[in-house]
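To start, the structure under review is shown below, and the notes come after it.
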Amino acid sequence: MSVVVDYYFSLISPYVYLGHAPLLALTRETGARLAYKPVRIFELFSANGGLPLGQRAPARQRYRLVELQRARAERGVPLNLTPKHFPVDPGLADRCAIALCEAGRDPAQYMDAVLRAIWAQDEDIADRALLARALRDAGHDADAILAAAGSAAVAAIYQDNTAAAIAVDLPGLPGYVLNGEPFWGQDRVDALGAALRSGRAPFLAPAGPPR
């Protein structure tokens, strides 16, 4: 049986965009399987100490732009630092990924299209027509998936994923969890790869309150 990596994400995140292709390449190399878990990102921030971008100190906002430029150059992908449609509600886009998983479909190609739409193509990922196009282009039944994305069952999974991400102590997204060990950020794909290849026991926080 292949090893499972829980993949926590929201399709609004530039860091999810930057890490998505390298993560897929890693799983192809190692044979690991991804369990896709879209998360309500702002609830995760609130619970685990993060802040929405506009509420961060100006120095942190400026540093983010420097960091994104470095990551963009390292990954060799286009990335608009100030996309036209950001911030935007990613809820429907994220729930479509859940609906795909619930239908037994692989959401990776759909996710790639939506991530590129916001971060490379200046499109609005809250636009239902854009999501329908991304679903159809990836070979899915857009009408069926969009309908399922509006269901109470999918909303409950979205909330459960968020609670799970909070419980495993992820401060932000993307988050990759292997045997209970969290890896936070697109720049932790290599660390995840080392853990997968070595088969080592997970590194976990000691029990009890922090000291």
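Read the figures in this text as sums done on the coordinates, not as results from a lab. Because the structure is predicted, anything quoted here is derived from the model rather than measured. So basically every Cβ, Gly included, is an ideal-geometry build from the backbone, and we count neighbours across all protein chains shown.
Worth pointing out:
- Cα centroid separation - segment 139-211 against segment 3-70, whole Å: 10 Å
- For segment 1-93, alpha-carbon Rg and Dmax in angstrom: 14.9, 47
- Choice from Ala148, Ala25, Ala113 showing the highest fluctuation, given a GNM over the chain with Cα pairs closer than 10 Å: Ala25
- Here the scattering of segment 27-66 is modelled by Debye summation over its C-alpha atoms, one equal scatterer each and no solvent; at q = 0.20, 0.25 Å⁻¹ the log10 of I(q)/I(0) is -0.73, -0.83.
- Trypsin sites (Lys or Arg not before Pro) lying in DSSP loop within segment 80-186, provided at most 14 other Cβ fall within 10 Å: Lys84
- DSSP bridge pairs, the chain: antiparallel proportion in percent, nearest 5: 55 percent
- Computed magnitude of the charge dipole of the chain (debye, nearest 20; Cβ of K, R +1, Cβ of D, E -1): 580 debye
- Largest-first principal axis extents, alpha carbons of segment 59-139, Å: 42, 23, 19
- Neighbour-limited loop hits for chymotrypsin sites (Phe, Trp or Tyr not before Pro), segment 104-211 (at most 13 other Cβ within 10 Å; DSSP other than H, G, I, E, B): Phe203
- Within a Gaussian network of the chain (alpha carbon springs, distance under 10 Å), most fluctuating of Asp169, Asp112, Asp141: Asp141
- A helix-only calculation puts the chain at -16500 deg cm²/dmol for mean residue ellipticity at 222 nm, using -39500 (n - 2.57) for each DSSP H run of at least four residues, averaged over all residues.
- Amide H contacts for Val5 (H built 1.01 Å from N in the peptide plane; partners 5 or more residues away or on another chain; cut-off under 5 Å): Arg33, Leu34, Ala35.
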